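Please read the structure below before turning to the comments.
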Amino acid sequence: MQLYLAPLQGLTDWIFRESFTQHIGRFDKTFTPFVRVQSGDFYRPSQCNDLLPVHNTFQKPVPQFLGKDAESFKRFEALCLEQNYTEVNINMGCPYPMVTGKGMGAGLLQHPREMTNLLNGIFADTELKISVKCRLGLENANEFEELIPVFNAFPLEEVILHPRIGKQQYKGEVDLDAFARYAPQLSHPVCYNGDIRSVSDVEKIQQLVPQVDRFMIGRGILQNPILLAEIRNEKVNAGQKADMLRKFHGAIIEHCRQKYSGDLHMLKRLEELWEYHAETFENGRKIYKQVKKCKNLGQYEAVVFQAINEME
Ligand SMILES: Cc1cc2nc3c(=O)[nH]c(=O)nc-3n(C[C@H](O)[C@H](O)[C@H](O)COP(=O)(O)O)c2cc1C
């Protein structure tokens, strides 16, 4: 079985990935949050920093492209080749209207012809391995039926399928019936993604679609970083868990100190992590409230390390 860390914009950036890989565990693959490229140019050039090798010393991620035309992809490809990457992922799942309205992300799913043009343009001349990360559709899960022949026509590395539709964003149920129906029709290896929060969630998918042995996990890892070890059946006792978390948070704080000049910006970012990560702790709601009240990094450190100490 292969386990992947999902790309989560603003959360699983290089700071998270480096700290996690060094102190908690190594996924089989990690992915950068999307780098948006429009009309051949980077939409926010700072997004490119996340894939620089200097920030990815413990594990090379798979860089993710968000865009809709081959010209933009070529710009992204040039950057990836310059940085010695061999594989990239294409985002066909971002559900935000500002993205889908421009025909990118999940906005591509209703337009098999545009998707074919994009993939034709990419595969016409590329040295990279290409995978896609997609949803079942933008407005309806049946949209996927028309996408199967499109995906099957190209030599994709793998298809990562999050069985929701764009309209749901990240809420509502994942459609496991649709996943079980469509996954076997894809000629590529399929990776399951969505709402994995426990070992039994993985087992449920394995029973449903036995040929799927790749799983991508996002929010479940923020909620319980030890989930990676649990799925691999590696034993971690309470003392080891506290120690891992102490080092993991220590590394995040150190990296943040280097990256951010002011405490407030940094604290906003850390607060977002705790929106999910609070669940790791029995009294998580209280800790999350304390994190939100912190006015500087010193206060934040005190709250976090006290919470970990109390865990033991
Ligand atoms: C805050 C947030 C940011 C996300 N950013 C990205 C992204 O940059 N690229 C992407 O492909 N998916 C992104 N996703 C989707 C996740 O990768 C994943 O598909 C989704 O959260 C379902 O998996 P999970 O339930 O394991 O988190 C994001 C999701 C969230 C909640």
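Coordinate-derived values only; no laboratory data. Everything numeric here is computed off the predicted structure, so don't read it as measured data. Positions of Cβ are backbone-derived with ideal geometry, glycine not excepted, and every protein chain shown enters the neighbour counts.
Some values worked out for this structure:
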item: Inter-site label distance for residue 9 and residue 123 at 7 Å from Cα along Cβ, in nm; result: 2.8
item: Count of lysine pairs in the stretch 2-231 with Cα separation under 27 Å (8 or more residues apart, or interchain); result: 28
item: The stretch 1-100, relative contact order [Cα under 8 Å, separation at least 6], %; result: 26
item: Relative contact order %, the chain, counting alpha carbon pairs below 8 Å whose residues are six or more apart; result: 15
item: Over the stretch 238-311, relative contact order from alpha-carbon pairs under 8 Å, at least 6 apart, %; result: 38
item: Residues 96, 288 arranged by fewest to most Cβ contacts within 10 Å; result: 96, 288
item: Proxy reagent accessibility, fewest Cβ within 10 Å first, across 44, 75; result: 44, 75
item: Tensor-based shape of the stretch 29-88 (alpha-carbon gyration tensor, a/c under 1.5 rounded, otherwise prolate or oblate); result: prolate
item: Gyration tensor verdict on the stretch 238-311 (Cα atoms; rounded if a/c is under 1.5, prolate if a/b is larger than b/c, oblate otherwise); result: oblate
item: Ranking of 39, 261, 131 by count of other Cβ atoms within 10 Å, fewest first; result: 261, 39, 131
item: The chain, Cα convex hull volume normalised per residue, Å³; result: 126
item: Pairwise centroid distance, computed over Cα atoms, of the stretch 267-293 with the stretch 159-219, Å; result: 28
